[in-house]
Amino acid sequence: MRRPRASWPTLLARPTRHARPRPNTTRCWPLSSVRVRVAATAVVGLLLLFAYTRRPSDYSDDSTSSDAIPSRAFPLWKDTGRPVPCIIDRPPDDGTSLQSWTPINEADQRQPSREGLLFVKIDKAGSSTMAGVALRIAHALGKRQALEGGEEAGATALPENQQVCRARVSHAWSKQSDFDYSSRDKDKSFLFTMLRDPKSRAVSEYNWQVGMRQLSDDSLLHHLRSVRNFQLGLVVDSTDRSRTTETNDIGEIPQLVSNVLVEFDFIGLLERLDESLVALQFVLGLKTRDIVHTKSKQSGSYVLVKSRANSFKGECNFIPKKASVSPGVETYLGGREWDTNNRGDNLLYDAANRSLDRTIDAIGRSSFDRALARYRVAQAMAGTKCQPISPCTEDGRVRAKEEAVSPCYLWDLGCNHVCLDRLDDV
């Protein structure tokens, strides 16, 4: 006669002390056991549920999560044991007179250098303002070096306006295809840049290119679809530049971003400009005065642009005010195609953001906050007392030479520096 099947409660119940003792054996629990089958079914069910609810995009995005990119606190230069990288150039040996020579000139800016302050200028990422600050820093450090050790530096014989550390701030040199940042002299150079949120930068670039013409959703979308890791492509070594737009290996992009973080001495963010400048002040051991500036470009006004197209004589180009982005463009910028094409820029921006936080933490929040407050007071004072007179008039005309124009270091960079240097209590 067949033995009746036990009920579920009977099988799952714990044995009482009066129950028949189980034989002491080393034999495994039978695979046919209901308990084993119940447990296995539950595990398989959970795995199937996880696989079903997991979005396909998760598989491609996990390996490029921003958390996978190591951030870093940019080291204070004094803690590295190296002198501040200030190389003071002298007039060339070609008969150029000391009075007519300037250490910041167009010819030198188009030539790469493996020494000095090397600022990688990224289009529409606050690059002109930051380049002007870089030149102010170069001048401040140069005057300080001439004062403290001029004989050794060979700078005491130079006028004060020529006591400037070597600096490269032009788009031209940073885009040289044959210049490899990793081959620079790291003991005598300081490599830095400024990033901007990739979406805002791309839209701003389109507005700048279009100028006063009517904006069009179709043409803006066409422009956005052509953007591929633009910022990452400018800050990687030239040997890696093509990989930022051509690689299909999603694991390769995080490695390129990691290389950039290791290679650069400092990376700032336009959306956190004040904090970035004060952090740079600590990194290079600067004074508040050294980072105070006036903006190079103002939307809704004209700016002097010198290029081959105008034989470097200059013409006034209008800077359009920021245009609102349509819902259709917003949808594209929030979609998968944009994220896929600009995965590297997104990762780089996120990692730089976290690195800035770590740098501030290393400096000390209280000390940093006090310096930030001093900088903002000084910057407000500069905005009141040092309003620059642009080379362009309000109607887009280039001012004549006899008209008063605020002195700039070069082009529209570092304008009104004479006024800024004379500010009291900065």
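Maximal additional length on extending the residue 76-residue 97 stretch stands at 3.7 nm, based on 0.36 nm per residue less the C-alpha distance. Can you tell me what share of the DSSP beta bridges in region 67-421 is antiparallel? A percent to the nearest 5 is fine. Here the antiparallel bridges make up roughly 40 percent for region 67-421. In this structure, the amide hydrogen of residue 269, modeled 1.01 Å from its nitrogen in the peptide plane, lies closer than 5 angstrom to those of 195, 276, counting only residues at least 5 positions away or on a different chain. Applying the Karplus relation 6.51 cos²θ - 1.76 cosθ + 1.60 with θ = phi - 60° to region 108-123 yields 3J(HN,Hα) values of 5, 5, 8, 10, x, 9, 9, 9, x, 7, 10, 9, 7, 8, 9, 3 Hz, where x marks Gly and Pro. With the simple spin-label model, which puts each label point 7 Å out from Cα in the Cβ direction, the residue 209 to residue 376 separation comes to 3.7 nm. Computed from label points 7 Å out along Cα-Cβ, the spacing between residue 110 and residue 305 is 1.8 nm.
Couplings for region 70-78, taken from phi via the Karplus curve 6.51 cos²θ - 1.76 cosθ + 1.60 with θ = phi - 60°, read x, 7, 8, 8, 5, x, 5, 4, 5 Hz in order; Gly and Pro are left as x. With the simple spin-label model, which puts each label point 7 Å out from Cα in the Cβ direction, the residue 259 to residue 365 separation comes to 3.7 nm. In order along region 356-362, phi translates into HN-Hα couplings of 4, 4, 5, 5, 5, 4, 5 Hz, rounded to whole numbers, per the Karplus curve 6.51 cos²θ - 1.76 cosθ + 1.60 with θ = phi - 60° and x for Gly and Pro. One chain, two ends: residue 175 and residue 157. Fully extended at 0.36 nm per residue, the span grows by 3.1 nm beyond their Cα-Cα distance. Label 7 Å along Cα→Cβ of residue 385; region 267-290 residues with amide nitrogen under 15 Å? Within reach of a label on residue 385, which here means backbone N under 15 Å from a point 7 Å along Cα→Cβ, region 267-290 contributes 288-290. Near residue 74, the amide H atoms lying under 5 Å from its own belong to 359; only residues 5 or more places off or on other chains count, and H is placed 1.01 Å from N.
Length gained on full extension, residue 252 to residue 322: 21.7 nm, using 0.36 nm per residue less the C-alpha separation. Taking packing as the residue-averaged number of other Cβ atoms within 10 angstrom, the listed peptides 342-355, 158-171 run from highest to lowest as 342-355, 158-171.
Coordinate-derived values only; no laboratory data. Since this is a predicted model, take the numbers as computed values, not measurements. When we count neighbours, we look across all protein chains shown, and the Cβ atoms used for this are built from the backbone with ideal geometry, even at glycine.
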